[in-house]
Amino acid sequence: MVGLVLVLGLLASAAAHHSPLQQRALDLVLEEFHSRRTVQAAFKEQSVAEAMEVEFPMGTFVQLQVHLIQTFCRKQQRETQNCRIKPGGRKQLCLACFKFDSNNPANVLDKSLRCLSEQSPIFQEVKRKQDHDCEAVRAANEGHYQPGVFAFSKGLPMASR
């Protein structure tokens, strides 16, 4: 199963398009990144280095590594203008994971997102923390009980002697 997930992740990253949930996750990454007060310029998706999507009983887990690159536009202009990439502009790598509700994919059950420069001295530490947090996101709302795993029945009362 893990091998299949890895293969699907590699195939997804090689594909020119993303699944609807991967695209929703990418849109959420860009929204959250641009909502930060410290971000003044608009950034564009340069590439998706890794994309993984796994279905669970309570929802679908999506994990992405997104390379962003700075444009000439201000962040307020990013949706209204065709922003050109700024040569030598800043680059960010966003590590993100989301758990989407299986009954309502618009509903995000849990998420974790970190964006920083790959050249940051704390990059490896942040990546380890993100990997740990993504394991918790993956398990969100799954609980220990899965329908069909355990069955209990109440027996008839014992006959009196």
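The values are calculated or read from the model by the stated rules, or taken from the named source; none is laboratory data. In this text the structure is predicted, and so the values were computed from the model without any measurement. In this analysis, Cβ positions are derived from the backbone assuming ideal geometry, glycine residues included, and neighbour counts consider all displayed protein chains.
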Sole exception among (1) at pLDDT 95 or above; (2) aromatic (Phe, Trp, Tyr); (3) over 22 Å from the mean Cα position of the chain (by Cα) for residue 100, by number: (3)
Index of the failed condition, residue 90 passing every other in (1) of a type outside the set (A, V, I, L, M, F, W, C); (2) farther than 27 Å from residue 121 by Cα; (3) free of Cβ contacts under 8 Å to residues at least 60 places away in the same chain: (2)
Residue count, segment 78-105 (criterion: more than 19 Å from residue 51 (Cα to Cα) and out of contact with any Ser or Thr (no Cβ under 8 Å at 6 or more places or on another chain)): 8
Count of residues meeting criterion [closer than 14 Å to residue 83 by Cα and out of contact with any helix residue (DSSP H, G or I) (no Cβ under 6 Å at 6 or more places or on another chain)] in segment 41-60: 5
Checklist (1) among the hydrophobic types (A, V, I, L, M, F, W, C); (2) under 20 Å from the mean Cα position of the chain (by Cα); (3) modelled with pLDDT of 95 or more; (4) under 19 Å from residue 118 (Cβ atoms) applied to residue 25, failing item: (4)
Of residues in segment 49-97 being in contact with a strand residue (DSSP E or B) (Cβ under 6 Å, 6 or more places away or on another chain) and small (Gly, Ala, Ser), the one modelled with the highest pLDDT: 96
Some residue of segment 122-130 being in contact with a strand residue (DSSP E or B) (Cβ under 9 Å, 6 or more places away or on another chain), at pLDDT 95 or above, surrounded by 10 or more Cβ atoms within 10 Å (Cβ to Cβ) and not β-branched (Val, Ile, Thr): yes
